[in-house]
Amino acid sequence: MQKNSTEVFIVEHGTHLMQRQLDETASDLLREDLLSMGIHVILSDGIKKIKGTENGSVVGIKLHRGRNLKCDTVVIATGIRPNK
């Protein structure tokens, strides 16, 4: 997406990227690499609401911490979190 002149934001619930796969040092390296490519990284937050129009088009998102981002596309990559 970013290669097509699209502004890209990664919103991560956790305190660092890919918490289950990477330790904090590796996650920091990944974050720095993403930032160098012009990709925005938002940590310790999540999407509270996807804003749209009556015809179903996406116009933005609201994050749990209150920040609003204008957008026309939302890609959700989910994993699993065990409850025990």
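A short reminder: the numbers here are calculations on the coordinates, not readings from a lab. Quick caveat: nothing in here was measured; it's all calculated off a predicted structure. Don't worry about glycine lacking a Cβ; one is built from the backbone with ideal geometry, like all the others, and counts go over all protein chains shown.
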Worksheet, complete the sentence: For S44, S57, ascending order of other Cβ atoms within 10 Å (fewest first) is S57, S44
Practice prompt. Scan the chain for GluC sites (Glu not before Pro) in coil per DSSP, keeping those whose Cβ has at most 14 other Cβ atoms within 10 Å, and list them by number.
Written response: E7, E54
Worksheet item: Check I10: other-chain or 5+ apart residues with amide H under 5 Å from its amide H, H built from backbone geometry?
Response: H40, V41, I42
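Dividing the alpha-carbon Rg of the range 32-76 by 2.2 N^0.38 Å yields what? Please report the intermediate quantities before stating the final value.
Working: Rg = 12.1 Å, N = 45, 2.2 N^0.38 = 9.3 Å.
In units of the 2.2 N^0.38 Å rule of thumb, it is 1.30.
What do you get for Rg/Rh of the chain when both radii come from the Cα atoms and Rh is the Kirkwood radius?
Numbers: Rg = 14.2 Å, Rh = 14.2 Å.
Taking Rh as the inverse mean 1/r over Cα pairs, Rg/Rh reads 1.00.
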